[in-house]
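The values are calculated or read from the model by the stated rules, or taken from the named source; none is laboratory data. Fair warning: this is a prediction, and the values are worked out from it, not measured in the lab. Note that each Cβ is placed from the backbone with ideal geometry, even for glycine, and that neighbours are counted across all protein chains shown. Please note that ligands, DNA and RNA were not included when accessible areas were found on the heavy atoms of the full protein model with its side chains. Shrake-Rupley method; radii C 1.70, N 1.55, O 1.52, S 1.80 Å.
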Amino acid sequence: MTALVTDIVSATGQLETAILNATIASPDIWIGSKSMKTKAKLLPHVLVKQYPELSEIECELRGLFETCSKAIDRNSINPVVAKAAISLAHEYQAVIEGLRR
């Protein structure tokens, strides 16, 4: 994998952890490894279900996970897209972690 793909996977992994830590989702949902495509559908939905005030970012969160999935599938990503996705992932991670305080 290129460094950018690894970076986007890491950033979305941290975002996933933040979402899981901030929600009361059933652990059964996350048992076993889910594909990024599945996570792109489930994670934003679970977050918005618990925090309806975040509904405006649901599509963007889904897009971040879908971008990560495409980068993994292709084993490459446009550097501008990668940097933007990583930046957004870190920004939303901070927002989500702030919900727990």
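Hey, could you get me the Stokes-Einstein D for the chain, Kirkwood radius over alpha-carbon pairs, 20 °C and 1.002 mPa s, rounded to whole µm² s⁻¹?
Numbers: Rh = 13.5 Å.
Here the translational diffusion coefficient equals 158 µm²/s.
Over the chain, what percent of the accessible surface lies on carbon and sulfur atoms, probe 1.4 Å? List each step's numbers first, then the result.
Values: 3170 of 5820 Å².
Here carbon and sulfur together make up 55 percent of the probe-accessible area.
Relative contact order for the chain: what is it in percent, counting Cα pairs under 8 Å that are at least 6 residues apart? The partial results should precede the final answer.
Working: 88 pairs, mean separation 48.5, N = 101.
Answer for the chain is 48 percent.
Over the chain, average the accessible area per residue using a 1.4 Å probe and give it in Å², no decimals. Can you show the working numbers first?
On the way: 5820 Å² over 101 residues.
That works out to 58 Å² per residue.
Do the alpha carbons of any pairs in Lys41/Lys70; Lys49/Lys70; Lys41/Lys83; Lys37/Lys70 sit beyond 20 Å of each other, and which pairs?
Long pairs (Cα-Cα over 20 Å): Lys49/Lys70; Lys41/Lys83.
In degrees from 0 to 90, rounded to the nearest 10, what is the angle of the helix 79-99 Cα long axis to the longest principal axis of the chain?
20
Tyr51 to Ser87: FRET efficiency via 1/(1 + (r/R0)^6), r the Cβ-Cβ distance, R0 25 Å, to the nearest 0.05?
E(calc), rounded to 0.05, equals 0.70.
Hey, what angle do you get for helix 36-50 against the long axis of the chain, alpha-carbon based, 0 to 90 degrees rounded to 10?
For 36-50 against the chain, the angle is about 30 degrees.
For the Cα atoms of the chain, what angle does the longest principal axis make with the long axis of helix 58-74, in degrees from 0 to 90, nearest 10?
30
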